Amino acid sequence: MPGTFDRTRGRALTRAVSPDFSSAVSNFFNTRPPNYEAAKGSQEAYFAALRAHGTEVITLPAIPGYPDCSFTEDTAVIIDDKAVIPNLGHPSRDGEQDSIADFLSEDFEIVRMPKGATLDGGDVVFYDDRFLVGISTRTNQRGAVFLADQANKSGFDVQLFDVPKNTLHLTTVCSSPRPGTIIASVGYLKESDLSFAEEVVWIPEDEGYASNTIAYRDRIIIPEGYKKARRLMLDSGFSVTTVEMSEFREVDASLTCLSVFIG
Ligand code: GLY
């Protein structure tokens, strides 16, 4: 019998924005150079939103030479009492995970991925009893299969996806805010991809960035400025908090990228 993923979000492991943030990897949304000071302000607002929902926010210092280091979601995947530590899929980011592993080793069994396998935590979405794992420009087949084996050993089902080439991560285009529900972007995922879900809230393609959400039962955090998505969330029974994310969007990062939830 598969387990149910823990959605309590008691603690978020985060990392300060890098002073080199303007050099963060950016391939999809970029319209202008990102601003370090504005990103720090957004991150503070994001922390405040998490705290307002009861999450303890733990913030590690930025790592010199790693402009993307505040995107801790990519550096660990928690499966019950294990922390799977991947080899990150972009060479400029591989290495961010080492101090995360050191921190997590206090509370979790650390499972390192073998050489040659790559995965970003941003390609993993938790849906009730299963892990949805995207194969992308960052996560290769070996990485996805390694994670699938770890999840299966802990009693979770796994579904593999091909992440469309026009986006970075699986979490860029979908999230699961509450049991049974997926929020997904039109133009990136298809109904047939998500036939297992009890309910899919489809976000119009021009607001697809807002399909990445963080939810606490029926309270949801979405990015600021996505009116159609906000209306859809309200109509689906959520109360909505918004966080200004435009600096992070410039470097292809979404709300979930800024945390790894550790119980
Ligand atoms: N800038 C976020 C990433 O490319 O991983």
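Quick notes on this one:
- Between Val158, Val125, the distinction of being farther than 20 Å from Leu258 by Cβ and touching a helix residue (DSSP H, G or I) at 6+ places or on another chain (Cβ under 7 Å) belongs to Val158 only.
- Taken over the range 235-247, the residue count meeting the criterion of being more than 21 Å from Thr167 (Cα to Cα) and not in a loop (DSSP other than H, G, I, E, B) is 6.
- Check on Thr8, under 22 Å from Val125 (Cβ atoms), open to solvent by 50 Å² or more (accessible area, probe 1.4 Å) and more than 16 Å from the ligand (Cβ to nearest atom): yes
- Scan of the range 207-217 for residues that are modelled with pLDDT of 95 or more and either over 16 Å from Arg9 (Cβ atoms) or open to solvent by 50 Å² or more (accessible area, probe 1.4 Å) (or both), ordered by number: Glu207, Gly208, Tyr209, Ala210, Ser211
- Some residue of the range 192-206 being in contact (Cβ under 8 Å) with a residue 60 or more places away in the chain, farther than 23 Å from Val84 by Cβ and aliphatic (A, V, I, L, M): yes
- The set of residues from the range 152-198 being of a type in the set (Asp, Glu) and touching a strand residue (DSSP E or B) at 6+ places or on another chain (Cβ under 6 Å) comprises Asp157, Asp162.
- For the range 166-188, the tally of residues that are away from the ligand (no atom under 16 Å from the Cβ), in contact (Cβ under 8 Å) with a residue 24 or more places away in the chain and more than 17 Å from Met245 (Cβ to Cβ) stands at 8.
- Among residues of the range 252-263 that are within 17 Å of Tyr209 (Cα to Cα), those with a beta-carbon under 6 Å from a residue that is of a type in the set (A, V, I, L, M) and assigned to a loop (DSSP other than H, G, I, E, B) at least six positions away or on a different chain give the pairs Asp252/Leu168.
- Residues (open to solvent by less than 50 Å² (accessible area, probe 1.4 Å), within 16 Å of the ligand (Cβ to nearest atom) and farther than 15 Å from Gly122 by Cα) located in the range 51-88: Ala62, Ile63, Pro67
- The set of residues from the range 89-104 being touching a Leu at 6+ places or on another chain (Cβ under 9 Å) and either open to solvent by less than 10 Å² (accessible area, probe 1.4 Å) or touching a residue at least 60 places away in the same chain (Cβ under 8 Å) (or both) comprises Glu96, Gln97, Ile100, Phe103, Leu104.
- Test: residue in the range 31-42 that is farther than 15 Å from Ala253 by Cα, open to solvent by less than 20 Å² (accessible area, probe 1.4 Å) and more than 11 Å from the ligand (Cβ to nearest atom): no
- Residue check, Arg231 away from the ligand (no atom under 16 Å from the Cβ) and modelled with pLDDT of 95 or more: yes
- Selection count, the range 105-125, where residues are among the aliphatic types (A, V, I, L, M) and in contact (Cβ under 8 Å) with a residue 60 or more places away in the chain: 0
- Among the residues of the range 1-53, just one is touching a residue at least 40 places away in the same chain (Cβ under 8 Å), acidic (Asp, Glu) and over 22 Å from Phe131 (Cα atoms), namely Asp20.
- Flag for Glu244 being of a type in the set (Asp, Glu), under 17 Å from the mean Cα position of the chain (by Cα) and within 15 Å of the ligand (Cβ to nearest atom): no
- Lone qualifier among Phe108, Phe156 - being under 30 Å from Ala62 (Cα atoms) and among the aromatic types (Phe, Trp, Tyr): Phe108
The values are calculated or read from the model by the stated rules, or taken from the named source; none is laboratory data. What you are looking at is a predicted structure, and each value in this text was computed from that prediction instead of being measured. Note that we place each Cβ from the backbone using ideal geometry, even for glycine, and neighbour counts take in every protein chain shown. These accessible areas exclude ligands, DNA and RNA; they are computed on the full protein's heavy atoms, side chains included. Shrake-Rupley method; radii C 1.70, N 1.55, O 1.52, S 1.80 Å.
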